[in-house]
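Take a look at the structure set out below.
Bear in mind these aren't lab numbers, they're just calculated from the coordinates by the rules spelled out. Note that the structure is a prediction, hence the values are computed from the model and not measured. Please note: Cβ atoms are built from the backbone with ideal geometry, for glycine as well, and neighbour counts cover all protein chains shown.
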Amino acid sequence: MRSSEESIIRQERANRVCRQRKLENIDRRNRELAQKERAQKKLKYKSKLPEEDSEMDVDVQPGGWVIRIDREFYTVLSDNKKLKCILSPKLPPCVIGDLVHFRLIPTLSDCDGQIVSILPRRNKFSRGSSGNEHVEQVLGANLDTIVIFMSCKSPETNWGMINRMLVTAGRESISPLIVINKIDLLTDAEKEAMRSALKKYEKQGYEALLVSVASEAGIEELEARLCGKVSILVGMSGTGKSSLLNLLLGESIVKTGPVSDATNKGRHTTTSSLMHRLRGGGFIIDTPGIRTFSLWDMSSGSQAHRGPHRGQLTGVSSQGSVSFAV
Ligand SMILES: Nc1nc2c(ncn2[C@@H]2O[C@H](COP(=O)(O)OP(=O)(O)OP(=O)(O)O)[C@@H](O)[C@H]2O)c(=O)[nH]1
Ligand SMILES: [Mg+2]
């Protein structure tokens, strides 16, 4: 194994320990807060919201994990409970995967509380927004794996998007996993051609899998790679991200939709990102399909890839072909 890879793995392990400690601290604080709440239950709540400045110190606020975002509401997983929160107007928007502190506000009628701080992110997966690529859109934070989820047909594999996502994952030192779905639609010869296309990536140290959610080919191996990790599923609409999720969860929880016959493209069935707990351990985020993935932060300093695949990938948008620096 290359030494740069070893150091990335070491770093990832250290990150995971660090995150585990943060979660343990959050659990401890939550228990302390629950004790306080029990003691306060006998007192009547004030009808007005407390001023934010008069809150308890942030260290004793309960903490949790942002697992869903619906417009102005954030679902925070805390102590195995899902709480609906609004965001303090003093904060920038949260993203899925953010670790946050919040305060419970029993006087609010349509939600449980308010997020009052966001912990520093250990990494983030961003793109240039589809409307304006000079504006950053963070798709997820505090991640172990980016699952670049494409289909081989219906819709066709977008190699340029795969390459740009690999570059982005490398910059943030997040492990990428290329998954090509719907291999049940390929002839044997087409499967072979796809395998050899992926070999180019594997030779450079990237992991790649061919799967079929429909026939469940390759799904066991994919599930094993996701086990115990925080992963995000990203790719074009219609590639089968939500179908995979339903298969992994063992029930049809997430809405899926057919690919358009006219355009061979997905219909953007999933409209908001949502994090799910995997049966074998770990979490996975289903995201809405994306039309474009433009690299975020093209400044010269960020051109040097910081990830395990430093400087190797050079071709970023050619259809069906990739190029690597020797
Ligand atoms: N043939 C075949 N079809 C599949 C497979 N996986 C998913 N599909 C179909 O592909 C279509 C799109 O699936 P979805 O799971 O909704 O795709 P998605 O990536 O979540 O799409 P968005 O939510 O729009 O991003 C559905 O009709 C699925 O039944 C597969 O392995 N083989
Ligand atoms: Mg979907």
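Which is farthest toward the positive dipole end of the range 124-303 among 205, 244, 173, measuring Cα position about the Cα centre, with Cβ charges +1 (Lys, Arg) and -1 (Asp, Glu)?
173
As a footprinting exposure proxy, order 194, 165 by other Cβ within 10 Å, with the fewest listed first.
On the way: 194 18, 165 27.
Final ranking by Cβ density, sparse to dense: 194, 165.
Principal axes first, then extents: for the Cα atoms of the range 124-303, list largest minus smallest coordinate on each axis, whole Å, largest first.
44, 35, 34
Based on the mean of other beta carbon atoms within 10 Å per residue, what is the order of 89-97, 131-139, 229-237, most packed first?
Per-residue Cβ counts within 10 Å, averaged per peptide and sorted highest first, yield 229-237, 89-97, 131-139.
Taking the Cβ of residue 183 as the center, what net charge do the other residues with Cβ under 14 Å away carry, scoring Lys and Arg +1 and Asp and Glu -1?
Working: positive: 153, 182, 191, 195; negative: 156, 184, 188, 190, 192, 216, 221.
Result for the neighbourhood of residue 183: -3.
Going by C-beta contacts inside 10 Å, put 111, 18, 152, 85 in order with the fewest on the left. Mind showing how you got there, number by number?
Details: 111 15, 18 11, 152 23, 85 26.
Listed from fewest to most nearby Cβ atoms, that is 18, 111, 152, 85.
Under a Cβ-only charge scheme (Lys and Arg +1, Asp and Glu -1), can you give me the dipole magnitude of the range 124-303 about the Cα centre, in debye to the nearest 20? Walk me through the intermediate numbers first.
Working: 20 positive and 19 negative charges, 55 e Å.
Once rounded to the nearest 20, the dipole reads 260 debye.
Beyond a 28 Å Cα-Cα separation, which of these cross-linked pairs lie in this structure: 124/200; 229/255; 22/203? Please report the intermediate quantities before stating the final value.
Working: 124/200 26 Å; 229/255 24 Å; 22/203 36 Å.
Correct reply: 22/203.
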